[in-house]
1. Take residue 206 and tell me if it is assigned to a helix (DSSP H, G or I) and either surrounded by 13 or more Cβ atoms within 10 Å (Cβ to Cβ) or modelled with pLDDT of 85 or more (or both).
2. What residue, among those in region 96-142 that are within 19 Å of residue 45 (Cβ to Cβ) and among the aliphatic types (A, V, I, L, M), is modelled with the highest pLDDT?
3. Mind checking which residues of region 152-175 are of a type in the set (Val, Ile, Thr), touching a strand residue (DSSP E or B) at 6+ places or on another chain (Cβ under 8 Å) and in a helix (DSSP H, G or I)?
4. Taking into account only those residues within region 98-149 that are touching a Pro at 6+ places or on another chain (Cβ under 9 Å) and of a type in the set (Lys, Arg), which is surrounded by the most Cβ atoms within 10 Å (Cβ to Cβ)?
5. Is it the case, given these coordinates, that residue 92 is modelled with pLDDT under 95, farther than 26 Å from residue 23 by Cβ and in contact with a Ser or Thr (Cβ under 7 Å, 6 or more places away or on another chain)?
6. Among the numbered conditions (1) surrounded by 13 or more Cβ atoms within 10 Å (Cβ to Cβ); (2) of a type in the set (Val, Ile, Thr); (3) modelled with pLDDT under 70, tell me where residue 212 comes up short.
7. Does residue 16 satisfy being under 29 Å from the mean Cα position of the chain (by Cα), among the acidic types (Asp, Glu) and either more than 22 Å from residue 141 (Cα to Cα) or modelled with pLDDT of 85 or more (or both)?
8. Mind checking which residues of region 18-47 are of a type in the set (D, E, K, R) and either surrounded by 12 or more Cβ atoms within 10 Å (Cβ to Cβ) or closer than 11 Å to residue 108 by Cα (or both)?
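The values are calculated or read from the model by the stated rules, or taken from the named source; none is laboratory data. These numbers were taken from a predicted model, which means no experiment stands behind them. As a convention, Cβ positions derive from the backbone with ideal geometry for all residues, glycine included, and neighbour counts pool all protein chains shown.
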Amino acid sequence: CDLKYEEVDLLEKYSEFVNNYEDFLYQKWIDSTQYSDDVSNAFLYFYKNLIHGKIFNDYIGSEDNAIKKFRDSITLESTCPYCDYHEMEFDSSSVDHFVPKSRHPILAIYPKNLVVACSACNDRLKKEKIRLPIFHPYYTNLDDYFYFTFKDEKIFINFDEGIPTEDKERVINFLELFEIEQRYNKYCKRKLISLKKEVIGRVSEQIRLRKTMTSSISNNTIENLIEE
């Protein structure tokens, strides 16, 4: 199959990038190929045909089902792999290109570059950004490298002892890309406020019930004394 365009063998280039994908994320391999708008648009067209189900709608049934099946096939958990906080639902989750397709269109149809994420991470935070070197959330368990501590009503990220410098940099870039520490502190603050309100409400209810019970006992005691 001859897929040469502008003296670039696209099939060969795709295979080369796929084989070096992890090294690219770790900045151990660099792709400096410049693609024309025509090539970029071609790969984006292939991706849109795939994601909108035009190729396999016939045997799946409808475009909505096709997109859902595609998302389900690459989703490992129901929780967003970027923030590990938001539960994802079909209507509110989106397919993200971990390495932005605007920068490297040849990865637009590479399955390992596709991540199903919550709309907060993908649409509002990451968009077309990437910070290299970085770990991929589907293939590296990032929480093996760091842990959270809670002090003075604030969350802090701490790293385990003995982490190689290059691994720590990959984790930091991931955490900063998705603003994990800031967002978790916002979530935590909301949770604390909600928890305080709940505790105050329960304590107030217990006090009210005790007052009612005490008043009832006092009234019964007085009535019994009067009857005697």
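1. Values: assigned to a helix (DSSP H, G or I): yes; either surrounded by 13 or more Cβ atoms within 10 Å (Cβ to Cβ) or modelled with pLDDT of 85 or more (or both): no.
Against the criterion (assigned to a helix (DSSP H, G or I) and either surrounded by 13 or more Cβ atoms within 10 Å (Cβ to Cβ) or modelled with pLDDT of 85 or more (or both)), residue 206 does not qualify.
2. That would be 99.
3. 171 - this is the single residue of region 152-175 that is of a type in the set (Val, Ile, Thr), touching a strand residue (DSSP E or B) at 6+ places or on another chain (Cβ under 8 Å) and in a helix (DSSP H, G or I).
4. 126
5. Yes, satisfied.
6. Only one criterion is unmet by residue 212, namely (1).
7. Considered against the rule, which asks whether it is under 29 Å from the mean Cα position of the chain (by Cα), among the acidic types (Asp, Glu) and either more than 22 Å from residue 141 (Cα to Cα) or modelled with pLDDT of 85 or more (or both), residue 16 comes out as yes.
8. 22, 23, 31 - these are the residues of region 18-47 that are of a type in the set (D, E, K, R) and either surrounded by 12 or more Cβ atoms within 10 Å (Cβ to Cβ) or closer than 11 Å to residue 108 by Cα (or both).
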